[in-house]
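To start, the structure under review is shown below, and the notes come after it.
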Amino acid sequence: MRTRWRMALLVALLVAAALGAGACRKKTPPVARPVMPPPAATTTPARPPAPPEPVGESPVVAEPAMAEDTMASRTLDELNRDSPLRPVFFAYDSAEISPEAQQALNANAEVLKKYQSWVVTIEGHCDERGTAEYNLALGERRAVAARAYLVSLGIPAERLKVISYGKEFPFDPGQTEEAYAKNRRGHFVITSK
C-alpha cells in the first residue's frame with residue numbers, strides 16, 4: 001500500500017513538472033529574412049544582372065569550444081538528462097571510494113573545472129537491504145566521501161551539496177545482486193549553472 005502511494009506521488013510530481021516546464025517556455029520569434037529591393041526603373045534597356053556570387057558555407061567542425069557553447073546553452077533539465085557527470089558506485093555496506101569510482105570522480109572534476117559556475121548536488125543511494133535509517137546514514141556517508149574526494153581535487157566545497165535518499169529511489173527495482181550494485185551509488189545532479 002505504501003509503495004502504491006509513493007508511486008502515485010512520484011507520477012503526480014513528474015506530470016506536474018512536465019506541465020510546468022512546458023508552460024514556462026518562451027517562444028522564439030520568427031527570424032525575418034532580408035528582402036532584395038526591387039530593381040530601379042530605367043528607360044534604356046540594361047544588361048541583365050550578373051548571377052549572384054555563390055555563398056561559401058564554412059564546414060562544421062566539432063571543436064572543444066563548440067562543445068562548450070552547446071553545453072553552456074543547455075537547460076538544467078537537458079544537462080541532467082544527458083549528464084556529463086558520471087555516477088560513482090560503491091561496494092555493499094561501504095562508503096569507500098574504489099579505483100573505478102576515483103576514475104569517475106576524476107572525470108567529473110575535469111567537467112566541473114570547465115564549468116566553474118555549476119553547483120552540483122551529490123545524492124547518496126543504497127540498495128534495499130537494511131533499515132531505512134541505516135541506509136539514509138550510509139547514503140550520506142557515500143555522498144560525503146564523493147564530495148571530499150572532489151574537494152581534494154580542487155573543486156570548491158561550496159559548489160558541492162550532499163543529500164541522502166537511502167533506499168528510496170532505486171535505479172533498478174530488481175532484487176538481484178546486479179540490481180543492488182546499480183543502486184549503491186553517488187548520483188550527480190546539476191542544480192545551478
Any chance you could count how many residues in segment 145-157 are over 22 Å from Y92 (Cα atoms) and surrounded by fewer than 20 Cβ atoms within 10 Å (Cβ to Cβ)? 6
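Conditions (1) closer than 30 Å to M7 by Cβ; (2) of a type in the set (A, V, I, L, M, F, W, C), marked per residue:
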site: E110; (1), (2): no, no
site: Y115; (1), (2): no, no
site: R129; (1), (2): yes, no
site: L136; (1), (2): yes, yes
site: V144; (1), (2): yes, yes
site: V151; (1), (2): no, yes
site: G154; (1), (2): no, no
site: S164; (1), (2): yes, no
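Look through segment 171-193, keep the residues that are of a type outside the set (S, T, N, Q) and crowded, with 20+ Cβ neighbours inside 10 Å, and return whichever of them is farthest from N135 (Cα to Cα).
Only one residue fits best here, namely I190.
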With L138, L160 as the choices, which residue is touching a Ser or Thr at 6+ places or on another chain (Cβ under 9 Å), under 14 Å from S94 (Cα atoms) and not β-branched (V, I, T)? L138
Can you go through E100, E78, E96, E110 and tell me which one is part of a loop (DSSP other than H, G, I, E, B), acidic (D, E) and modelled with pLDDT of 60 or more? E96
Residue in segment 87-107 that is surrounded by fewer than 20 Cβ atoms within 10 Å (Cβ to Cβ), within 25 Å of L14 (Cα to Cα) and of a type in the set (A, V, I, L, M, F, W, C) present: no
What's the total number of residues in segment 113-141 that are part of a helix (DSSP H, G or I) and more than 20 Å from the chain's Cα centre (by Cα)? 10
Residue under evaluation E128, criteria (1) crowded, with 20+ Cβ neighbours inside 10 Å; (2) farther than 30 Å from A72 by Cα; (3) charged (D, E, K, R), criterion not met: (1)
What number goes with the only condition from (1) in contact with a Pro (Cβ under 8 Å, 6 or more places away or on another chain); (2) more than 23 Å from K113 (Cβ to Cβ) that Y180 does not pass? (1)
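The values are calculated or read from the model by the stated rules, or taken from the named source; none is laboratory data. A quick note: this is a predicted structure, and the numbers were derived from the prediction, not measured. With ideal geometry, Cβ positions are generated from the backbone for all residues, glycine too; neighbour counts draw on all protein chains shown.
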